[in-house]
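The values are calculated or read from the model by the stated rules, or taken from the named source; none is laboratory data. Note that this is a predicted model, so its numbers are computed, not measured. FYI the Cβ positions are ideal-geometry reconstructions off the backbone, even for glycines, and counts take in every protein chain you see. In case anyone asks, the SASA skips ligands and DNA or RNA and just uses the protein heavy atoms, side chains included. Shrake-Rupley method; radii C 1.70, N 1.55, O 1.52, S 1.80 Å.
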Amino acid sequence: MRWCQPGARPFLLDPPRKLSHARFMSIVIAHMYVSPLRRLVGLALQLLMGAGLILIAAARPPASPVYLLLLLVIGGAMLFSAWRFWQATSAGLVLTDTDLRDTNGTIICTLDEIDKIERGTFAIKPANGFTLRLKSRQRRGWAPGLWWRLGKMVGIGGATNRNAAKSLAEAIDVLKSPRGAELVAQARSDQPQE
């Protein structure tokens, strides 16, 4: 069962699994992916914009070379952005009992570093997402349509489903609460011993 299905409970949706690529075994609490349709629409819009700008520069070049260069640079940047978007959204996000990471293994932040979650209407956050305020500054990072990290802020969302992002934020809230430690301990004890 996927995390982003409507009506899903916000905690321990799937049977607990262990991440084998981690340094130590972690329990997967939730995961979130970008749907194939959203990926295609996002890619198509960016490709159309980039190709359109380059086509305008080729078919009807402006009189000024500055404007011609500007059209070509912005069109090229849009094509590069479309490529990065396609790569980034092929991965998903995984919330474990210790951290939030993407499915490629990049750790976005640990749960200990999270100070608070901002989900309000006027919060600085990605579309259909939320922002995590961290206790300390982190290295910048960006996966277009999925997450970004700048200073003490981590934005989750963009091309993701609004309900899936809301459920992920609620799962982080539960893990940060005192009850979260009890639930994780219970899930660890339910793990089969190897």
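Annotations
- Considering region 3-60, the residues that are open to solvent by 70 Å² or more (accessible area, probe 1.4 Å) and either in contact with a Cys (Cβ under 7 Å, 6 or more places away or on another chain) or under 15 Å from Thr96 (Cα atoms) (or both) include one that is modelled with the lowest pLDDT, namely Pro15.
- Condition met for Leu183 (open to solvent by less than 60 Å² (accessible area, probe 1.4 Å) and modelled with pLDDT of 90 or more): no
Here's the yes/no breakdown for (1) under 15 Å from the mean Cα position of the chain (by Cα); (2) modelled with pLDDT under 90; (3) surrounded by 14 or more Cβ atoms within 10 Å (Cβ to Cβ):
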residue: Val73; (1), (2), (3): no, no, no
residue: Phe80; (1), (2), (3): no, no, no
residue: Trp83; (1), (2), (3): no, no, yes
residue: Arg119; (1), (2), (3): yes, yes, yes
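- Matching residues in region 41-69 - criterion: being of a type in the set (A, V, I, L, M) and under 30 Å from Thr160 (Cβ atoms): Val41, Leu43, Ala44, Leu45, Leu47, Leu48, Met49, Ala51, Leu53, Ile54
- The residues listed here are Arg133, Arg119; of these, the one that is farther than 21 Å from Ile27 by Cα, basic (Lys, Arg) and in contact with a Phe, Trp or Tyr (Cβ under 6 Å, 6 or more places away or on another chain) is Arg119.
- Pairing residues of region 43-61 that are at negative phi and in contact (Cβ under 8 Å) with a residue 12 or more places away in the chain with residues that are open to solvent by 40 Å² or more (accessible area, probe 1.4 Å) and among the β-branched types (Val, Ile, Thr), at Cβ distances under 6 Å and at least 6 apart in sequence or on separate chains, gives Leu53/Ile74.
- Failed item, numbered, when Gly158 is tested on (1) within 15 Å of Leu111 (Cβ to Cβ); (2) modelled with pLDDT under 90; (3) touching a Gly at 6+ places or on another chain (Cβ under 9 Å); (4) surrounded by 20 or more Cβ atoms within 10 Å (Cβ to Cβ): (1)
- Hits in region 146-155 - residues which are within 15 Å of Leu111 (Cα to Cα) and open to solvent by less than 10 Å² (accessible area, probe 1.4 Å): Val154, Gly155
- Selection within region 124-145 - open to solvent by less than 30 Å² (accessible area, probe 1.4 Å) and either free of Cβ contacts under 8 Å to residues at least 24 places away in the same chain or polar (S, T, N, Q) (or both): Thr131
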